[in-house]
């Protein structure tokens, strides 16, 4: 029994051995297995093995593949001969990951590993049982050699028009057993033949060494300088997008997320492209600085106010750390092939995003002062972590990571910055606060109604300026323009003209030019001359004394009346209620329509809405005799068939006895065993609704958590999910 | 972080701190590739534009130099995207070249086949091309030299024009420098133009653009066509050329509404060139039927569209554009670049003022308060008439009277947009008026009297906006204008910028009705000058009456 001996091997491991296994495959201890037997089962399960295989680099994977291509047990010499002498250094690692284990007669693979690696590891077909004389291959006719050339490096299958009438080359190969017919149209090259043709090796390009990273040299100082500029830029983008959204909150799409148009507006506001805007939007979302409110508006949260008070270093650390761990991939937004994916929306999570990001950064930090060429970096990372499931996405993820790293200031001019190295090394002080230009507290106002802040402004000053001037240009410095509308905005925010002037006098290093002074004065003078408000009803009277009387009338004390002009009172009550109140107090008001016409009292009340009478629900018609008869016929037929089925089931149950029950571990063990022995089994199988049925099956193989077996009931080959098998028994 | 004077913004503007010790050095370094956008008192704004960067390439600067300059003077780290963008933009220039080929005539040659493939597939370009000669070369119809340059510029692949110029018919022209000397910047401008082949020279009003034209002619020594805005300007050109060059009266012809002379040097007006007869521009042949060696476009910012079209056809002749403000309210700066040529010379107004070649000027906005009656009329006027109502308010008349009285010793121009307003002012002030229907002879007579100081005050309509040389005018009073036109305001100020004999400061008054759109337009109009460093002072009409100017 293979598993038993794998379990025995694990049982034989010492503590350090087990510890290193757990460190390399943490999924084995979550949750902690009861005993070594269940540990062995888990370590031999397809998902866990697949996860372990994912963690191998290209070379380790190649060696493992080579092992899988050999017959068990393999000896080290054999493995080295089909790969490369340096495989010697890889084998201990594979062993410590329990992807390979030593038994008394040599190395063995955990039994499920071959399934994980696929039926044709390294493009090799099944081994041929026939006796072959490889020498004959050298004498193969030209046509046959051509066929072999195509199949040698895999895939080992070739299709032929008709197996009974193949071309001369294939006919010769079939005759000599160098090709094996697979089905009507397919032939397969046996493993031993392929290995012979490959010159006793498994891989065409064994890659024991990682590819060399090439790129442009960037002095650390240069990249730090560029990075710090990027750091201050991303922090500025953060503030700008949030300030912008607090003024003009976008609405979330029904499916969640930020619409294309809103993204475009935000991009324009920041002065960046949409990819970058999506990235910033995603980051502020991750940071909890915006939330989607109940009314679907996307608004900054209170966390933003706290954020503003934090030092740049703390802010940067928090956003880079978030970026490193998130599984959300903003690069997916706005691609032609995935139009439905939006920033802040669902569907942005990708399994390998964080891992790839981390790997990319690790690679960059192992190669400081280099701005790598994309292709070279892709090749290196592909070697380090071959993404067998979705290689295209890995490439995209790396490209995006580089792009985002530059935006974040994680890199500067493509090379990793010292701030990032400090962050990755867990240092306390990243030196960001000390190297960012100090915030300044003054501006220069010029004759053309612009103000220039020649550096990053202190937050308090920037806030006031934002409210009274429009930003014209952003970057290291900020250019503000004063205009009538910007000053008006400031006044709307509750400042007076004098306050604005005072603020500018205090903040500006240069005197306020006279035109600006006048502009502020002019706008302040006009601001608020017109007043707008809401009210429900008004009361007007040509005679102000009557209104004065009403205001001071004790009987009307409860009415919320306010006098806005000598001849006008306003009230928050509805006009009708106001009339009733006035009438009961002895006044004689008349109603006025919104065009000022007197409304005469209605004599009769009528509903305003359209009539909507209830629907008439008719009674059931008396059925005809024919319909009744037909119904009866249908009923009977159904009854008969269900009766038939029930009795069939009963017969089967009696024949098979009660449902077999085995534990999960036993089930798997037994299945493995009986697959090898090729016995017919009786199993209990739960269907979608949870009811367990009895099946008689011939098990064929197990793969990825499913049993493939021929069901006697249907006569077809079917897939059974192993967790749903309640038990296994022989007949 | 260094202590440089320059801040490079992420929107491609460059802020230059003027009070910084390195500012002059830095300005010289960035001037070749960055366009000066604003030059108020403390911080000048330059902008990196595609045109500017291509200009720099045309003048022989490469991306590396530009990037080095930015990095050298920048106070903060330069955004990476800008550096990438500069390199990319500059590399686009010169990948396509127009060349003269002995066999095929005009050809378009590339160093980058992919670019050529891209452009010959463009819908707008294909009809302009002839046969494909090889992978890198394609023939161009010689008549399409201008059009193809225009279209390529729009595609973002500007072509460098190496096809050369025809010399034109030789004609001896030299400068005669007796009693005056060409100024250094004028010489630089003329040389810059000559080495570049074709292009635009930007100089403030009153800085002597005519001399630059004359110097260019002296370089070319060939028959010259000069295009000017109107007849009076044409006569002034003629007089200047007679004084400044070896040309004599018979060698200079005037081609205008009244005269149709064609001489070795011909001065034509835009108006006559664009006059249509039976639906065709009958005078445009003037460009073609004579072998001009040089064509000068005065006030190129006003160049009318038909002339653009025609200019496209004469790309083998040297072209010089002259202007004070390359601000086109119609946004056709790109056409000027591709058809006349890139900007070859530019100098901030204040720098020339500092050298004493233009008079220092003080700009004053005088605010008048409308009477109740006027306000009511303004408030109820139709929106399209509102500006007219407030700009021509009767209240303005009194203050103009007062200003003219206070400047009794100065040569005063009263400038306005609306003829009836000017007529009224003329009647009140009792001075001559020049407007559109004043005959040329009368105009010249009046301008002559004004120059001699026999008339102290003139009322002029927009005919006097440009190219009228009135050296002694030292006060201008603007009562109304063409809405918010920035360029008009600059031109009007230009009328009084000739340096005065006694070094007096010129005064530019703009009379504005308070709390109306007149005030809003005034603000817009002033923007260009404010950006050039002319700060306006606002005073109330009452202050004028009390003599507190």
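Summary of values
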{"read-out": "Residues A:712, B:44 arranged by fewest to most Cβ contacts within 10 Å", "value": "A:712, B:44"}
{"read-out": "Helix-only CD estimate at 222 nm, as mean residue ellipticity for chain B, using -39500 (n - 2.57) per DSSP H run (n ≥ 4)", "value": "-11000 deg cm²/dmol"}
{"read-out": "Angle between chain A longest axis and helix A:353-366 axis [Cα atoms, degrees, rounded to 10]", "value": "80"}
{"read-out": "Within chain B, percent of DSSP bridges classed antiparallel, to nearest 5", "value": "35"}
{"read-out": "Extension gain from residue B:88 to residue B:291, taking 0.36 nm per residue of separation minus the Cα-Cα distance", "value": "69.1 nm"}
{"read-out": "Modelled FRET efficiency - R0 60 Å, residue B:120 with residue B:520, Cβ distances, 0.05 increments", "value": "0.75"}
{"read-out": "Sorted by Cβ density within 10 Å, fewest first, the residues A:136, B:277", "value": "B:277, A:136"}
{"read-out": "Alpha-carbon centroids, region A:390-462 and region B:164-234: separation in whole Å", "value": "51"}
{"read-out": "Taking chain A and dividing mean pair separation by its residue count, relative contact order in percent (alpha carbons under 8 Å, at least six apart)", "value": "8"}
{"read-out": "Angle between chain A longest axis and helix A:497-507 axis [Cα atoms, degrees, rounded to 10]", "value": "60"}
{"read-out": "Average beta-carbon neighbours from other chains, 10 Å sphere, peptide A:518-527", "value": "2"}
{"read-out": "Rounded, prolate or oblate (a/c below 1.5 giving rounded, otherwise prolate when a/b exceeds b/c) for chain A by Cα gyration tensor", "value": "oblate"}
{"read-out": "Ranked packing of A:437-448, A:7-18, most packed first, by mean Cβ within 10 Å", "value": "A:437-448, A:7-18"}
{"read-out": "Per-residue average of Cβ from other chains inside 10 Å of B:72-82", "value": "6"}
{"read-out": "Point-to-point label distance, residue B:101-residue A:88, nm (Cα→Cβ direction, 7 Å offset)", "value": "6.7"}
{"read-out": "Distance in nm between pseudo-label sites at residue A:336 and residue A:563 (7 Å out along the Cβ direction from Cα)", "value": "7.3"}
{"read-out": "Efficiency of FRET between residue B:278 and residue B:141 - r from beta-carbon atoms, R0 30 angstrom, step 0.05", "value": "0.60"}
{"read-out": "Spatial separation of Cα centroids for region B:1-73 and region A:206-246, in angstrom", "value": "25"}
{"read-out": "Packing rank of A:460-467, B:26-33, where each peptide gets the mean count of other beta carbons within 10 Å, highest leading", "value": "B:26-33, A:460-467"}
{"read-out": "Gained length - residue A:554 relative to residue A:135, 0.36 nm times residue gap less alpha-carbon distance", "value": "138.6 nm"}
{"read-out": "In nm, spacing of pseudo-spin labels at residue A:575 and residue B:162 (7 Å Cα→C-beta vector)", "value": "8.3"}
{"read-out": "For B:149, A:145, order by how many other beta-carbon atoms lie within 10 Å, fewest first", "value": "A:145, B:149"}
{"read-out": "Antiparallel DSSP beta bridges within the protein assembly as shown, percent to nearest 5", "value": "60"}
{"read-out": "Between region A:113-169 and region B:409-481, the Cα center-to-center distance that results, in Å", "value": "102"}
{"read-out": "Per-residue average of Cβ from other chains inside 10 Å of A:441-447", "value": "5"}
{"read-out": "Förster radius 22 Å - calculated FRET efficiency between residue A:366 and residue A:325 (Cβ-Cβ, nearest 0.05)", "value": "0.60"}
{"read-out": "Chain lengthening between residue B:482 and residue B:239 when straightened (0.36 nm per residue, less Cα-Cα)", "value": "84.5 nm"}
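Every read-out reported here was derived from the displayed coordinates using simple, explicitly stated rules and does not represent laboratory data. From a predicted model like this one, the values you see are computed outputs, not experimental measurements. Every residue, glycine among them, receives a Cβ derived from its backbone with ideal geometry; neighbour counts consider all protein chains shown.
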